[in-house]
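A.B. asks: Can you read through this structure? Questions will come right after.
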Amino acid sequence: MAIRELKPDIHAIGAIDWDRRLFDELIPLPDGTTYNAYLIRGSEKTALIDTVDPTKEHELFDNIKKLRVEKIDYVIPNHAEQDHSGTIPKILEQYPDAKAVTNSKCKSMLIDHLLIPEKRFAEVNDRDTISLGNRTLEFIIAPWVHWPETMLTYLREDKILFPCDLFGSHLARSDLYAVDEAKVYESAKRYYAEIMMPFRNNIKKHMEKLKQYDIEMIAPSHGPIHNKPEFILNAYAEWISDDVKNEVVIPYVSMHGSTDKMVGYFVDALMRRNIATKPFNLTKTDIGELAMSLVDTATIVIATPTVLVGPHPAAVYATYLANALRPKTKFASVIGSYGWGGKMLETITGMLGNLKVELLSPVIVKGHPKKQDFASLEKLAEEILAKHKEIGIIQPEGG
Ligand code: FEO
């Protein structure tokens, strides 16, 4: 990646990974990603904030060379995950006097994961600072975004927050800043859904703490930089709030068409009631899009046939993910079909333990759905309408 200047002597020197299509062997990356690293030169000392994924270390070193960096005094790991920390051992090797400055938890994780010797660390606590001469770095300990050791670094004089993963997006772009706000909003929401959503309550606390800081720029370690921080702060405020939308998300799979017919009918029944709905065919869907849809939906309805006495494995996978991502969803139900018996319903509902949802009437059908089954789907749609009214996301008629 070309070196870009944020301010005099503050440069983005990381890498763009245009072609990466999977993260953690799990998360689809339709738009690639970036590993942002920032070099800050003070009048006396030089600091490097985060590094890059080891697959891109040559790009980081090329940039360091181009900037003729003779000395790095501090490398600051805000987070121990290898897409940011993986090149720290090489940096420490290249700069034998450099110290890795981080909190005790991150230090211990970097010793475990990257075998960095303990003597190469300088440990910091919440609100500690280090001086670069004319510039000061302040460390804000912010655990669980999304690992237990995460911290944020604030550059006081320039009012720049370096939050690593937080406020980031998997978005490879040549733009340094978030100029295409619609695209960045979508990518950041997807990123929040996949990475941050299970830690919503921790992020709430950290965002409260950040109100004490005067922030003019947010420079995350994935995706474009926010030179209008209110854009991403407002988006996060919306996502971490308890507010949900008048919407039903339906992850579904069908083997011989019965569940498919039920989903088709049910989608129409919701639409007739002005409830927004999104069916996700699990044999085709991108799980990132499903995760994104769970950020603010009021209701999730899982639809599956019965196979080998339980739910279809694709529905099990989606249910497992929904449960692990802990969205703020308020209501859930199950619809689907069976041929001769099984425990599909019990298996699905038993997998939703992390969700604080009220379970609504399931509709489970033997074989092809019949008149009375469609009537049950109407009833479920009506029940959802009533529940959405009850929590105030649909105004009562005349209201
Ligand atoms: Fe981008 Fe949690 O690493």
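A.B. asks: Mind ordering 165-176, 119-130, 283-294 by average Cβ neighbours within 10 Å, highest first?
C.D. replies: Working: 165-176: 22.2, 119-130: 14.6, 283-294: 17.8.
In decreasing order of mean packing, 165-176, 119-130, 283-294 become 165-176, 283-294, 119-130.
A.B. asks: Then there's this: May I ask you to evaluate 6.51 cos²θ - 1.76 cosθ + 1.60, the Karplus curve with θ = phi - 60°, for each residue of segment 93-108 and list the ³J(HN,Hα) values in order in whole Hz, giving x for glycine and proline?
C.D. replies: Coupling constants for segment 93-108: 5, 5, 10, x, 8, 6, 10, 8, 9, 7, 7, 5, 5, 5, 4, 5 Hz.
A.B. asks: Now for a separate question. What does the extension gain come out to for W147 and Q372, with contour length at 0.36 nm per residue minus their alpha carbon separation?
C.D. replies: Full-extension gain reported as 76.1 nm.
A.B. asks: In Å³ and rounded to a whole number, note down the convex hull volume per residue for the Cα atoms of segment 248-389.
C.D. replies: 91 Å³
A.B. asks: Using only alpha carbon pairs under 8 Å that are at least six residues apart, calculate the relative contact order of the chain and give it in whole percent.
C.D. replies: Numbers: 814 pairs, mean separation 43.8, N = 399.
This gives 11 percent for the chain.
A.B. asks: Arrange the peptides 53-60, 78-85, 371-378 so that the one whose residues have, on average, the most other Cβ atoms within 10 Å appears first. Walk me through the intermediate numbers first.
C.D. replies: Working: 53-60: 19.1, 78-85: 23.9, 371-378: 15.4.
Packing proxy ranking, top to bottom: 78-85, 53-60, 371-378.
A.B. asks: Send over the Kirkwood Rh of segment 294-345, from the inverse of the averaged 1/r over different Cα pairs, rounded to one decimal Å. Kindly include the intermediate steps, with their values, before the conclusion.
C.D. replies: Working: mean 1/r = 0.0860 Å⁻¹.
In segment 294-345 this quantity evaluates to 11.6 Å.
A.B. asks: Note the full-extension length gain between K209 and S43 as 0.36 nm times their separation in residues minus their Cα-Cα distance, in nm to one decimal.
C.D. replies: Length gained between K209 and S43: 56.8 nm.
A.B. asks: For the pair D19 and D126, what calculated FRET efficiency results from E = 1/(1 + (r/R0)^6), where r is the Cβ-Cβ distance and R0 = 51 Å, to the nearest 0.05?
C.D. replies: Approximately 0.85, to the nearest 0.05.
A.B. asks: If you average 1/r over all unlike Cα pairs in segment 4-240 and invert the result, what Kirkwood radius do you get in angstrom?
C.D. replies: Value: 17.5 Å, from the Cα pair sum.
A.B. asks: Just to verify a number: FRET efficiency for M271 and Y185, C-beta to C-beta distance, R0 = 22 Å, to 0.05?
C.D. replies: 0.30
A.B. asks: Which pairs in the list K245/K366; K71/K228; K189/K209; K65/K183; K330/K389; K71/K209 are over 24 Å apart, alpha-carbon to alpha-carbon?
C.D. replies: The answer is K245/K366; K71/K228; K65/K183; K71/K209.
A.B. asks: Search the structure for amide H atoms under 5 Å from the amide H of A142, placed 1.01 Å from N in the peptide plane, and list their residues when 5 or more places away or on another chain.
C.D. replies: Under 5 Å from the amide H of A142 lie the amide H atoms of M151, L152, each far enough along the sequence or on another chain.
A.B. asks: Please give the peptides 18-31, 215-228 ranked by average Cβ packing (other Cβ atoms within 10 Å per residue), highest first, as a rough proxy for protection.
C.D. replies: The densest-packed peptide leads the list: 215-228, 18-31.
A.B. asks: Oh, and also: Relative contact order for segment 248-389 using alpha-carbon pairs under 8 Å, separation at least 6, rounded to a whole percent?
C.D. replies: Once divided by the residue count of segment 248-389, the mean separation gives 27 percent.
A.B. asks: Could you list the square roots of 5 times each eigenvalue of the Cα gyration tensor of segment 185-245, that is, the equivalent ellipsoid semi-axes, sorted largest first and rounded to whole Å? Spell out each step's value before the answer.
C.D. replies: Numbers: eigenvalues 64, 46, 23 Å².
Over the Cα atoms of segment 185-245, the ellipsoid semi-axes are 18, 15, 11 Å.
A.B. asks: Want the number for A2 to E157: 0.36 nm per residue separation, take away the alpha-carbon distance, what's left? Please report the intermediate quantities before stating the final value.
C.D. replies: Working: separation 155, 0.36 × 155 = 55.80 nm, distance 2.52 nm.
Result: 53.3 nm gained on full extension.
A.B. asks: Rank these by accessible area, largest first, 1.4 Å probe: Y74, Y185.
C.D. replies: In descending accessible area the options line up as Y185, Y74.
A.B. asks: Okay, next question. Based on the Cα gyration tensor of the chain, what are the three equivalent ellipsoid semi-axes, each the root of five times an eigenvalue, rounded to whole Å and given largest first? Please list the in-between numbers first.
C.D. replies: Values: eigenvalues 436, 88, 61 Å².
With the √(5λ) rule applied to the chain, the semi-axes are 47, 21, 17 Å.
The values are calculated or read from the model by the stated rules, or taken from the named source; none is laboratory data. Note that the structure is a prediction, hence the values are computed from the model and not measured. Cβ atoms come from the backbone with ideal geometry, glycine included; neighbour counts cover every protein chain shown. Surface accessibility is based on the protein's heavy atoms, side chains included, excluding ligands, DNA and RNA. Shrake-Rupley method; radii C 1.70, N 1.55, O 1.52, S 1.80 Å.
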